[in-house]
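Before any comments, here is the structure.
What follows is calculated from the coordinates using simple rules that are stated; it is not laboratory data. From a predicted model like this one, the values you see are computed outputs, not experimental measurements. Every residue, glycine among them, receives a Cβ derived from its backbone with ideal geometry; neighbour counts consider all protein chains shown.
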C-alpha cells in the first residue's frame, strides 16, 4: 500500500501556491501537487520508475531554498511553502526548455510522436518564444536499437526513462547512455539489441519522438485515430489496452493504466497481435453447404436446427466468447431436450515474470474463467471430454462450434471429432480444418470487435469493446447473431444490447450478482465469491 492510500500515514501541513493543504507524509512535491490537481511539467519522472531528477523541468520555488528545487525528488515537510507559477519557477522552466531545444530538430511534421509529445506541449506552455542559438546543432545517431525499435538520437532529451525501464521493469538492461554533455544519447550495448518481451513499453514512455516503433512508423497521426478502451486477448492476464484505429483498421495497441492488472505496461506478444484481423483466412460472409448466403438465411437455418436438432445437440465453446455470449449459449442448451456443452481452448504456454512485478500468463485464453463462471467450472475439463467422446461415437446430431481462435492450431482429435456430427454450424474467425464440410459457417468476431465482459486469471471482470464506430462494422458480432437466432427460434422476444444481456446474466448467476456494465469500474472488479480452478486442472486444449 502506498503512502497516499495508507490511512495510517500521518498528514503533513504545507502550503501550495498560497493555499494551506495537507498531504500524506513521504510524498514528493510533484506527487502531492498532482494529487491536489496542480500540474507540474515533467520529462524524466514516471510513477513506475525510480526517480532520476535529471530533466529539471519540474523546478518550483521553495521557501527553504534560495534557488529553484526539483519537485520530483524533494519531499513535502511541515511548514513547506511551494510556488509552482512564481516568476522564479517560470524563469527556471523557460531556461530548461531553452537548453532542451538547443539541439532538438524542428521535425514535428514528420515525427510519429506529434500530438502526444510532452516536448511539444511544454515548449508551447513553458518555452521562450524565440531561440538565441546560432551555432550548428550536434548531430546524433539514427539507427535500429532492435528488431522493433528505432532511435532518432537528435530528438533524445536523455530523460533515461527507457534505460531505467530496462534495468528495473524488464530486468534486461540493454539500454544505456553514451557520450557526455550535449552529445549524450541513448544506445544499446554492442551486439545486445533491445529485444526483450516488454521492449515496446520504452516507446510508450519516451516523452519525445526519440524511440519509434517500426510497427507504427508513419502509419497515422494520433489526433486522427479512434481510441477504444478494451482488454488484450493474448493471455489470461487481461492487460488493459487502448485500441487505436483509423478508417476501420487497427493501427496499434497501447497499454492503459490498471494497477490491479498490468500497471502501466503490456508485453510485445499482445502489443503486436492484431494483424490476424486482416488475415487471408478471415471469414467475412456466411456460407451454407459451401455457398454464400445472406446473414438472415444463415440465422434462420440455424434456428430451425435448434428447433429440431434431430437428437443430441452439442455446443463447443471457446474461451474467446464473452460472458454475455456464454449466457446465450446456456439459454440455447436449456431449451434443448438433450444438450451437451463443452469447451476447447489453446494449449498453455510458458508463464513469465519480470522484476517490475509484471507477469505474462501461461494460459493463452482471455476468458476461461468468465465462461466457467457462466457454464460451470468443468466446461473446459470433464464436460469438454464428454462432448468429444459423444462426437467420436457419432452420438451428436447437431453441433454448434465457436472457433474464435486468433492463431488456431487445433488438436487433430478435436477436428476429427467435430466432423462426425451429422450437422455442424461453425462461428469462425478464420477458415480452417474446423470449417471444412460444415453445413453453416458464420463469421465470428475477434476479441477487439466484441462488446461484453471478460474475466482474467485473477477473476477480475473487465469490459471489452468493439473498436469499430457504430454502423461501420461490415458484420454483426456473435452476441447479435446469437440473439437473432434465438429470436427466430422463439426462445427470446427481442435482441438487446450487451449491457442488457449482462443484467439478465447477473440476475441468475451468483458470481455476477450486483454487477452491471454501468457500475463496472474502468479497471474492472473481482467476481465476488468465484474461486477459479488452477490452470491446467481437467483442462482440454485446442
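For the range 207-284, the alpha carbon convex hull comes to 121 Å³ per residue, rounded to a whole number. With the largest listed first and rounded to whole Å, the semi-axes of the equivalent ellipsoid of the range 133-277 from the Cα gyration tensor are 28, 18, 13. Which parts of the range 79-100 would a label at residue 63 reach, counting a residue when its backbone N lies under 11 Å from a point 7 Å out along Cα-to-Cβ? So the set is 79-83.
So if each residue of separation counts as 0.36 nm, and I subtract the Cα-Cα distance between residue 389 and residue 297, what length gain in nm does that give? Could the numbers behind the result be given before it?
Values: separation 92, 0.36 × 92 = 33.12 nm, distance 3.14 nm.
Fully extending the segment from residue 389 to residue 297 adds 30.0 nm.
For the pair residue 168 and residue 507, the difference between a 0.36 nm per residue extended length and the Cα-Cα distance amounts to 117.5 nm.
How far is helix 87-100 tilted off the main Cα axis of the chain, in degrees rounded to 10, range 0 to 90? With both axes taken from Cα atoms, the answer is about 70 degrees.
Among beta bridges from DSSP that stay inside the range 350-493, the antiparallel ones total about 40%.
Over the residues of the chain, the helix contribution to mean residue ellipticity at 222 nm works out to -6500 deg cm²/dmol, using -39500 (n - 2.57) for each DSSP H run of at least 4. Divided by 2.2 N^0.38 Å, where N counts the residues, the Cα radius of gyration of the chain comes to 1.14.
Relative to the dominant Cα principal axis of the chain, helix 498-508 is inclined by about 70°. Remark: the range 11-100 projects, on average over all directions, an area of 5.4 nm² (convex hull of Cα atoms). The angle between the Cα long axis of helix 295-307 and the main principal axis of the chain comes to about 50°, on a 0 to 90 degree scale.
Looking at the chain, the DSSP beta bridges with both ends there are about 70 percent antiparallel.
Could you tell me the calculated FRET efficiency between residue 73 and residue 37, based on Cβ-Cβ distance and R0 = 22 angstrom, to the nearest 0.05? The calculated FRET efficiency here is 0.55.
Let's test the formula: R0 of 30 Å, r as the Cβ-Cβ distance of residue 352 and residue 227. What FRET efficiency results, to the nearest 0.05? Computed FRET efficiency for residue 352 and residue 227: 0.60.
Antiparallel DSSP bridges in the range 11-100: what percent, to the nearest 5?
Values: 11 of 13 bridges.
Taking every DSSP beta bridge with both residues in the range 11-100, the antiparallel ones total about 85 percent.
Per-residue extension of 0.36 nm, minus the Cα-Cα distance of residue 416 and residue 178, leaves a gain of 79.8 nm for this segment. Computed over all pairs of different Cα atoms, the Kirkwood value for the hydrodynamic radius of the range 328-479 is 16.9 Å.
Centre-to-centre, using Cα atoms only, the range 317-375 and the range 377-414 are separated by 13 Å.
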